[in-house]
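J.: Let me give you the structure first, and then I'll get to my questions.
The values are calculated or read from the model by the stated rules, or taken from the named source; none is laboratory data. Just so we're clear, the structure is a prediction, and the values are computed from it rather than from any experiment. Using ideal geometry, Cβ is built from the backbone for each residue, glycine included, and neighbour counts are taken over all protein chains shown. Note: areas computed on protein heavy atoms with side chains; ligands, DNA, RNA excluded. Shrake-Rupley method; radii C 1.70, N 1.55, O 1.52, S 1.80 Å.
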Amino acid sequence: MDSLHIRRKAVNAVATAFMYGATFVGLFFLVWLLWSTLHLGLAAMHWDLFLKDTPPPGTDGMGLRNAFVGSLILMGIAMAIGIPVGLMAGTWLAEYGGKTRAANAVRFVNDIMLSAPSIEIGLFAYAILVDPMGHFSGLSGGVALAVLVIPIIVKTTDEMLGLVGRDLREAAVALGAPMWKVVTRVTWKGARAGIVTGILIGVARISGETAPLLFTALNNQYFSADILHPMANLPVVIFQFAMSPYRNWKEMAWAGAFVSIAFVLLLNVGARLLFRRGKS
């Protein structure tokens, strides 16, 4: 018995040491990444980044206005498509689908889409939009990002609505409310903090995606709000500028990376605070 106890303690000590070591390694690289982005990104920050467009190759100057605006437009298209589709699909799963075979099949496919590589989503959008249209466009980029964000909203909506008490639904139905009003006035209201949290997480997920946009929106050196033509966007600009031989372009890449990480960080913090407030 003593030998068994000693062996268990030894195994526990080894497993604990491996867990602490893995945690340290993960935190080390995370802090290194954040510090490098903060240090180099802050040094390159300038008001011209938000007021001027990207400069031509080989010229001085700073500017990422077209990339910032293009990214906001692409995310706006994605959320305009993704929020209604994801919300309705998640509501159907939680309120109407239940544990039926059809609902379980949808959940299974949705889980697969959650883990699908983003580059494959880009190829899909290329096949259905870019190739038939004959050119890249902001619209195809927004659709690709929407395909990425829909599974996240479906998953969170389904799970959050499942946490709403069944007695609330039964009370509303007993009072004579139709099902659509029960959903919109009772269950959506009860799960709104979790649903909005899922939407914010979805926005954070797509804000830094590069691979799908390389196949769809591509890039544009000039300012353009035309969604039917190639459109500048921050992830692709960072990707291209980071590999360039020009010093100011590399500085702009670090500044863009800093803005992107700060945006994602604020979204995640806001989502967590909103979810905690909703639970309380």
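J.: Which one is surrounded by the most Cβ atoms within 10 Å (Cβ to Cβ) among residues in region 242-280 that are of a type in the set (G, A, S) and free of Cβ contacts under 8 Å to residues at least 24 places away in the same chain?
T.: If we filter region 242-280 for residues that are of a type in the set (G, A, S), which is where we start, we get 242, 244, 253, 255-257, 260, 262, 270-271, 278, 280.
When the remaining residues are screened for being free of Cβ contacts under 8 Å to residues at least 24 places away in the same chain, the result is 242, 253, 262, 280.
Numbers: A242: 14, A253: 23, A262: 13, S280: 6.
The extreme case among them is A253.
J.: What number goes with the only condition from (1) of a type in the set (D, E, K, R); (2) open to solvent by less than 60 Å² (accessible area, probe 1.4 Å); (3) within 18 Å of A80 (Cα to Cα) that K155 does not pass?
T.: (2)
J.: Oh, and also: Among M179, M231, which is the only one that is in contact (Cβ under 8 Å) with a residue 40 or more places away in the chain and under 28 Å from G70 (Cβ atoms)? Don't jump to the end; show me each part of the working.
T.: On the way: M179 fails: under 28 Å from G70 (Cβ atoms).
Just a single option satisfies the conditions, and that option is M231.
J.: Might you check whether a residue that is open to solvent by less than 80 Å² (accessible area, probe 1.4 Å), closer than 19 Å to V264 by Cα, touching a residue at least 12 places away in the same chain (Cβ under 8 Å) and of a type in the set (K, R) occurs anywhere in region 187-206?
T.: Yes, region 187-206 has at least one match.
J.: Now, a different point. Under 6 Å by Cβ, and 6 or more places apart or on different chains, what pairs join a residue from region 99-115 that is open to solvent by less than 70 Å² (accessible area, probe 1.4 Å) with one that is part of a helix (DSSP H, G or I) and at pLDDT below 90?
T.: So the pair list comes out as A103/G97.
J.: From the list L214, L218, pick out the single residue that is surrounded by 18 or more Cβ atoms within 10 Å (Cβ to Cβ) and modelled with pLDDT of 90 or more.
T.: It is L214.
J.: Within region 124-142, which residues are surrounded by fewer than 23 Cβ atoms within 10 Å (Cβ to Cβ) and under 17 Å from S207 (Cα atoms)?
T.: Matches in region 124-142: L139 only.
J.: A further question on this structure: Please tell me if T23 is modelled with pLDDT of 90 or more, open to solvent by less than 50 Å² (accessible area, probe 1.4 Å), hydroxyl-bearing (S, T, Y) and over 20 Å from the mean Cα position of the chain (by Cα).
T.: no
J.: Return the total of residues in region 81-92 being touching a Gly at 6+ places or on another chain (Cβ under 8 Å) and either assigned to a loop (DSSP other than H, G, I, E, B) or not β-branched (V, I, T) (or both).
T.: 2
J.: OK, next. Take the conditions crowded, with 16+ Cβ neighbours inside 10 Å, more than 24 Å from S224 (Cβ to Cβ), modelled with pLDDT of 90 or more and under 19 Å from the mean Cα position of the chain (by Cα) and apply them to L145. Does it pass?
T.: It is false that L145 is crowded, with 16+ Cβ neighbours inside 10 Å, more than 24 Å from S224 (Cβ to Cβ), modelled with pLDDT of 90 or more and under 19 Å from the mean Cα position of the chain (by Cα).
J.: Does F223 satisfy the condition of being aromatic (F, W, Y), over 14 Å from the mean Cα position of the chain (by Cα) and farther than 26 Å from S36 by Cβ? Walk me through it before giving the result.
T.: Values: aromatic (F, W, Y): yes; over 14 Å from the mean Cα position of the chain (by Cα): yes; farther than 26 Å from S36 by Cβ: yes.
Spelling it out, F223 is indeed aromatic (F, W, Y), over 14 Å from the mean Cα position of the chain (by Cα) and farther than 26 Å from S36 by Cβ.
J.: Looking at region 38-77, which of the residues that are among the charged types (D, E, K, R) and either at pLDDT 95 or above or not in a loop (DSSP other than H, G, I, E, B) (or both) is nearest to I227 (Cα to Cα)? Steps first, answer last, please.
T.: Initial filter on region 38-77 (among the charged types (D, E, K, R)): 48, 52-53, 60, 65.
Next, from what is left, pick out any that are either at pLDDT 95 or above or not in a loop (DSSP other than H, G, I, E, B) (or both): 48, 65.
Details: D48: 25, R65: 16 Å.
Looking at residues that are among the charged types (D, E, K, R) and either at pLDDT 95 or above or not in a loop (DSSP other than H, G, I, E, B) (or both), I get R65.
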